[in-house]
Amino acid sequence: MKRLQAEHLIGIRDLPTSDIEIIMEWAAHFKEIINRPIKKVPTLRDITIANVFFENSTRTRLSFELAQKRLSADVVNFSAASSSVKKGETLIDTVNNILAMKVDMVVIRHSEPGAARFLSEHVKSKVINAGDGTHEHPTQALLDAFSLQERLGDLVGKKIAIVGDITHSRVAISNIHCLIKLGAKVKVCGPTTLIPKYIKSMGVEVSHDLQETLVWCDAVNMLRIQLERQTDAHFPSLRDYALRFQLNKERLSTLNKELVILHPGPINRGVEITTEVADSEQSVILDQVENGVAVRMAVIFLLAQQMHRN
């Protein structure tokens with residue numbers, strides 16, 4: 001069996017391309033399993049996993065929890081909103097208390113960039129980053145790439161656009177790293193105020209014209225405006241943003257091709273994308289949700305195999 005080189009899943013930037021390919025192979029295997037009448041396998045009956053979320057999350061936490069239960073792992077859910085964190089307990093204290101309960105793996109989401117890496121360096125447990133600040137969200141990038149491969153095949157030379165709030169998006173950063181490692185060409189598109197100056201150094205093109213970007217690409221990943229992460233006004237209004245950057249039927253009707261349309265969720269319907277487009281046959285948004293469980297099963301399974309090896 002092929003094994004991962006990485007000891008943890010902290011981000012895509014430092015993840016070998018061979019590891020991405022192994023995860024994709026196993027994700028395909030687990031997707032077949034979760035579409036069987038009996039969706040559960042006894043693979044990780046001796047593994048205990050803690051989901052440690054210092055930021056609110058519904059979709060990602062539920063996806064991880066379902067993946068863990070499909071693998072028959074024991075699951076402990078921890079929410080900072082109802083924990084001693086509010087009383088001043090540190091990240092390391094919190095997780096060490098959890099590990100004292102003999103937890104084998106920690107899935108962590110935190111508002112501070114680097115929290116997952118810090119954790120991996122200080123605890124004897126496998127660590128999976130479920131999102132750290134505006135830094136990375138590796139499993140989202142993996143499931144997005146997996147969803148693209150299902151529709152487009154090999155991504156080498158494919159043109160993928162990422163549209164929206166790039167500056168505040170850990171999804172965008174992880175996607176860029178992942179797509180480039182898989183050989184795709186990437187273009188980001190959005191208002192000047194929402195595209196960081198350093199982004200070209202990551203090997204991507206930049207556009208501020210959505211129509212030009214749609215003509216160029218084979219697939220488009222529409223990001224939401226992350227108002228909760230913004231401290232200043234980056235555009236006049238949501239209406240102004242929608243006029244310039246909303247993906248709608250009118251824009252798509254001018255193209256002589258069918259794009260693959262992604263969205264990491266949650267969707268601001270009527271802002272970055274219309275309901276008609278989000279629910280269309282070109283959209284793989286619901287496939288992304290299903291693939292998220294399969295990809296996270298693959299990551300958890302592969303890291304657990306290292307524990308058995310060690």
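The values are calculated or read from the model by the stated rules, or taken from the named source; none is laboratory data. Note that the structure is predicted; figures quoted are calculated from it, not measured. Reconstructed Cβ throughout: ideal geometry from the backbone, glycine too, with neighbour counts over all protein chains shown.
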Do you know which residues across region 208-223 are surrounded by 19 or more Cβ atoms within 10 Å (Cβ to Cβ) and either among the polar types (S, T, N, Q) or part of a loop (DSSP other than H, G, I, E, B) (or both)? T213, C217, D218, N221, L223
Those residues of region 90-107 that are under 13 Å from E55 (Cα atoms) and modelled with pLDDT under 95 come to a total of 1
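The rows are residues; the columns are (1) closer than 30 Å to T48 by Cα; (2) of a type outside the set (K, R).
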| site | (1), (2) |
| --- | --- |
| N248 | no, yes |
| R251 | no, no |
| K257 | no, no |
| V260 | no, yes |
| G265 | yes, yes |
| N268 | no, yes |
| E290 | yes, yes |
| M297 | yes, yes |
| Q305 | yes, yes |
Starting from region 2-24, keep only residues that are farther than 26 Å from S169 by Cβ, then list their pairs with residues that are among the acidic types (D, E) whose Cβ atoms are within a distance under 6 Å, requiring at least 6 positions of separation or different chains. Q5/D19
I'm told R170 meets every condition in (1) surrounded by fewer than 21 Cβ atoms within 10 Å (Cβ to Cβ); (2) within 19 Å of M202 (Cα to Cα); (3) basic (K, R) except one. Can you identify the failing condition by its number? (1)
Of all residues in region 134-154 being farther than 16 Å from E21 by Cα and touching a helix residue (DSSP H, G or I) at 6+ places or on another chain (Cβ under 7 Å), which is surrounded by the most Cβ atoms within 10 Å (Cβ to Cβ)? E136
Being assigned to a strand (DSSP E or B) and not hydrophobic (A, V, I, L, M, F, W, C) is the filter; apply it to region 97-111 and report the residue that is surrounded by the fewest Cβ atoms within 10 Å (Cβ to Cβ). H110
Inspect region 274-295 for any residue being on the phi > 0 side of the Ramachandran plot and assigned by TED's automatic domain parsing to the domain that holds A242 and give the result as yes or no. no
